[in-house]
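In what follows, a single structure is set out as structure tokens and then discussed.
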């Protein structure tokens, strides 16, 4: 029997289907508000793009990166055996998890579907040190992170269902790489842009990243203008919603004032 | 159809029913322990005055203020329309939420009943910036706060079910102002004193604020005395409960020592 | 202080706002599938009209009726007092719950918002026997029903969060009648059509009841035709979705066969 | 882009990997107790083979069948489009769910991984009528079944997270067929034997079905003997655990008495 | 090391502390409503006597009996060993569970504290067949019952957190007999009267059983009178609460009518 | 009636059964990783030794200590009375909680089984100040800590289900000292070593503390070596799992480099 992992084929049709978001665009998204992205996606019918139950384990670290996906399945003795015979070598650690880690390049985020088992370990400090040496952007899972408080110190952003000292293998096993997954109850397609801030993770489909960027920046700026104006004048922001002529006026004033 | 919001009448019969707690008394409650208030209320039969599921989103900030209440209902297209025709103007943002914000004066807290939907947004950083420009005391909700990490930086205390980037309107709509509500499974009557510390929110009915104040201070002082004495002597505090003659003795000593 | 309950005014503006659905139309909805109603409402943007956590306590009884709403609040000694002074007389039982029960006419359903406290009693067998003597259509609540197994034997449909022997008053108190409420996380406007079957409760806004009826019947019939045809032929129903010319053909055959 | 579903290849390597359990053996398992199978599997290190949150929606119906698996993913507009372009035709209903239904043969069970979303519909009475016309053994999902009370009347066993009138497509979409899945937090490999009784679902890995059968029957018989003897004599069953010489003695007596 | 189980001493001081409720009184409680008992206990300050999460697994069977308690602890290899060395013999089954079963006499109920682990087995059909041969009154646990659907057929009432095919020993082990326990979040003292109906379990402290009986009967009768009168007359029951002169009048009429 | 608490006998047979772990060994465990201890225990069949729902209320403080156990039961008026008559004096505070606090010596941890009621107070800042004056190692409970934010400032590690201002006595009462308990769903035997870090609490059975120590240290060192080597070389850690000849080589290099 030969389990087939997309990336073994050299070119994954799924990753090909995804637009590869440029490092440049990723960098620009660092300044965009997650709430704004979520609003723009909502207007296009993308209503379920915020992960539930996935929180920052290294608070304060912004995450922007392309998803490399890893899917876990519930553990069973014969699954362990089949994964091994599938070409991953012998032993407990010989699973597609290592393949996912090797597939990471700078700008990539490992996104692991652990079926929402927030206290079950998807890996720990030694395993996930590979994210560091790969120079990848970070780690996201709806499962648990073993020794999460140590992983949090590696310097990259870590988002998970929880932090736990428990061993994962009796409960879950990594099964496949770069297939579409769920994580935190939302869809993640390989290559999607993963955006993390203190409120959690928003998933931006790769093919929309270019399209909505300008609107996001504009929205953030108009809201900055409303905030600036209404605090200065001590008045309610209500007059400027929905965006109208008055809003346009104060936006112009704000741009002038802030040299934009 | 005319929806009637109490505060439109100029004088709300419900707010009238409530005692208006003075700014002076509010200030004095800043030093009182929430646990002590809760104990005194319990002795008077007020057993359910601690909110469940409402936590500090800006840890370390003490909250003391008078409740201005806002009640949300689950969203529905016709509710949106009716609220608008109820005199709130056009558009998604034209709801009683703005009325509640305008009703705030210094010393007031906006308390929003979001039916315990902790991850549903009741508003975000622009909307709640109005609390700041009104000089009000803070924000409490059992719903979510959009961009809660930004609101937390405004400087006033924020307590909520959670922080979220999601948009509220598809899920909930603000419906009425200054009517009694539930929040975090407890009753909040307009004008009640809202007390927040790192463990959450205690609701002190306005008509009891004056009555129990002295007892609270006394209780806090006696416990300070027990702590001071037992730590100094390395003995168990058990001998001083329930408060007895020995307790009275060390309390006197403590007062002398601390110049009270 | 005078608490004002809409129905005291003789004519409630909210009930006026609602279309009064005729007994005749209610009767016709008894044959329509809840899933079909929900599908039609969804197509019109009414996405949140199925109650969560509200189940049939008298399985097998179809419910169709107009909502008379009752809103509970968390209990507090002063709320009890205020309700009483609000004109409801003395004693624990003197609350607006009796007003709601008196307001029921044949075809009406009592819908009680108990804030999702599924094991807290909203009333028991003696109180809810009034629904029986009023000839009303049934009872729906997201709270608990005291002695629910006895109420279930009265013959009318009962839907609740659960059945419990506990007393409600220390936990919740009835507060107002015929105002919009939440129940099971969805909006209920006074006069809405409440539809109950073995899967739970769907809320049909009163102003849409007439409008969608024919489509519902048509949808139910076409699906009956698909079922009849595909089972007869031993083929997949997939060819008939979305409804197309082939579907129309078998629908005509079904009508002929079934004399419609 | 070409999504590849195992069964399109004519022969699925995963199904090949599984032993095909004979109809004869399936039939014999109808008499074996689920608890006994679970005990035998536990002794071989298979600890996680009982589904959580999956209950009988048609109580009283024993289920024994070979798993045909179907995996759902959270809904997203582009996923809908990609599934369609993957060869499943146009329209909301054009998803791999139909492929899974066509793949069913007598003795097969459709097992759908709905990510534990127990109130989200995986399909309803028309869709799942195909199970009936295929003569398949039944339906298992950790999601919801639309109009579950109608599906329950088709005569085959139905196990699900719940029964709901809601529409599934806005929440979940079927994605692939006959790949390993999770269901109710346990692994299901295509071809595994699915055993359902009033307590829920046990998953028996296909390669163990032959191996453990005799032990299961023997265990069931010895326990029947213990029950028969101890009730007859009015004594404690404790003397016969763990199975010992005394147990063997009464087992022989039981066989004689019952003509085995 | 010697673990000491109260019943080894011949006379348990805890059981002695409890009043032994007579078989005659137990019999009389069969006709009393659980809700009424709960109301009377509440009036005496016993507020927490209804079990949460414990439901009837054999619906329709009234349970009245004296509690024999059994306490489980989370499993651990050394606990297994210590229980065995504590005098319970060798093997997995050699635990105090057998002692509890032997201690049962007619009129007794086995009440097992399984720490609220509703899907963890406390025992199955063979073990609990001992309750049958002892002629005891029934079984109550906040844990799971293995093969609960079989136990339900023994004819005695069974109440549990759930029914499961899983094996208990890897998760929990029986530890001690006839000590006070929690079950379903309430206290059970050995000898307490356990009352079960379709809504669940009420715990009546043994020392109050005699004292409140007459009041319970009187309350049930007065409510029967109110029901009889108000249904006959088609009026609201509200006039008869709280019990007053009018109530007394109709109660007398009811007694006359019903020959009491 | 005489309730008997083990420590009243001078020598508790249960504590005797436990090995008394030396202060010296406790000190050495401060440097060992909780995840490593958990791994070593798992290899010996101790699978359930990590507490669920118990988190650090004073983040950053390592906890190592010997368990002194305290068991709570749900509150009931007669339990309160019986505890008092059991020799604990008069009044609400006269319970075995004080006995447990007096039993603490340096190196001991108070571990309180509050039946997982995470928001119910087990005690507050005055009561738990006794831990400070006893010089004990800390506090662990699956219940709540009253004024937890104050207790957290005493300087010793505090782990609990939550922090709350509510009063515990109406909900739970302390019942017995130094008997085996559950806490956070795992067994705690008096004398067990309690290990706390930022991920929570691991329970190390006292009789294994000596036995596994060297292996733990060795494991921690080898993993430190793998981390050091792979980060230095920018390669995957996968080659060094399971530990093999290559691992041994880099371990030796690490020891040389770090002077061990």
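The values are calculated or read from the model by the stated rules, or taken from the named source; none is laboratory data. No experiment lies behind these values; they were computed from the predicted model shown. Cβ coordinates were reconstructed from backbone atoms using ideal geometry, including for glycine residues, and neighbour counts include every protein chain displayed.
Values for this structure:
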quantity	calculated
Any chance residue C:121 is surrounded by fewer than 24 Cβ atoms within 10 Å (Cβ to Cβ) and at negative phi	no
Single residue of the range D:102-118 satisfying the filter (modelled with pLDDT of 95 or more and outside any loop (DSSP other than H, G, I, E, B)) that is nearest to the other protein chains (Cβ to nearest Cβ)	D:113
Number of the exception - residue A:258 against (1) within 13 Å of chain B (Cβ to nearest Cβ); (2) out of contact with any strand residue (DSSP E or B) (no Cβ under 8 Å at 6 or more places or on another chain)	(1)
Members of the range B:163-176 that are more than 8 Å from every other protein chain (Cβ to nearest Cβ), touching a helix residue (DSSP H, G or I) at 6+ places or on another chain (Cβ under 7 Å) and surrounded by fewer than 24 Cβ atoms within 10 Å (Cβ to Cβ)	B:173
From the options C:139, C:187, C:132, residue that is free of Cβ contacts under 8 Å to residues at least 40 places away in the same chain and farther than 20 Å from residue E:224 by Cα	C:139
Hits in the range C:240-260 (condition: part of a helix (DSSP H, G or I) and exposed (fewer than 15 other Cβ atoms within 10 Å of the Cβ))	C:245, C:246, C:248, C:249, C:252, C:253, C:255, C:256, C:257
Residue in the range D:199-211 that is touching a strand residue (DSSP E or B) at 6+ places or on another chain (Cβ under 8 Å) and at pLDDT below 95 present	yes
Selected residue (criterion: surrounded by the fewest Cβ atoms within 10 Å (Cβ to Cβ)) from residues of the range D:214-223 that are in contact with a helix residue (DSSP H, G or I) (Cβ under 6 Å, 6 or more places away or on another chain) and either within 12 Å of chain E (Cβ to nearest Cβ) or not in a helix (DSSP H, G or I) (or both)	D:220
Selected residue (criterion: surrounded by the fewest Cβ atoms within 10 Å (Cβ to Cβ)) from residues of the range F:195-209 that are within 14 Å of residue E:76 (Cα to Cα) and more than 9 Å from the chain's Cα centre (by Cα)	F:207
Of residues in the range F:236-245 being more than 7 Å from chain A (Cβ to nearest Cβ) and within 13 Å of residue A:98 (Cα to Cα), the one farthest from the chain's Cα centre (by Cα)	F:239
Within the range E:30-44, tally of residues that are away from chain C (no Cβ under 12 Å) and either over 13 Å from the mean Cα position of the chain (by Cα) or surrounded by 22 or more Cβ atoms within 10 Å (Cβ to Cβ) (or both)	2
Number of the exception - residue D:147 against (1) under 21 Å from residue C:195 (Cα atoms); (2) touching a residue at least 24 places away in the same chain (Cβ under 8 Å)	(2)
Hits in the range C:43-99 - residues which are part of a loop (DSSP other than H, G, I, E, B) and at pLDDT below 90	C:59, C:60, C:89, C:90, C:91, C:92, C:93, C:94, C:95
Which listed residue is over 23 Å from residue B:201 (Cα atoms), modelled with pLDDT of 95 or more and either more than 12 Å from every other protein chain (Cβ to nearest Cβ) or in contact with a helix residue (DSSP H, G or I) (Cβ under 7 Å, 6 or more places away or on another chain) (or both), from F:193, F:158	F:193
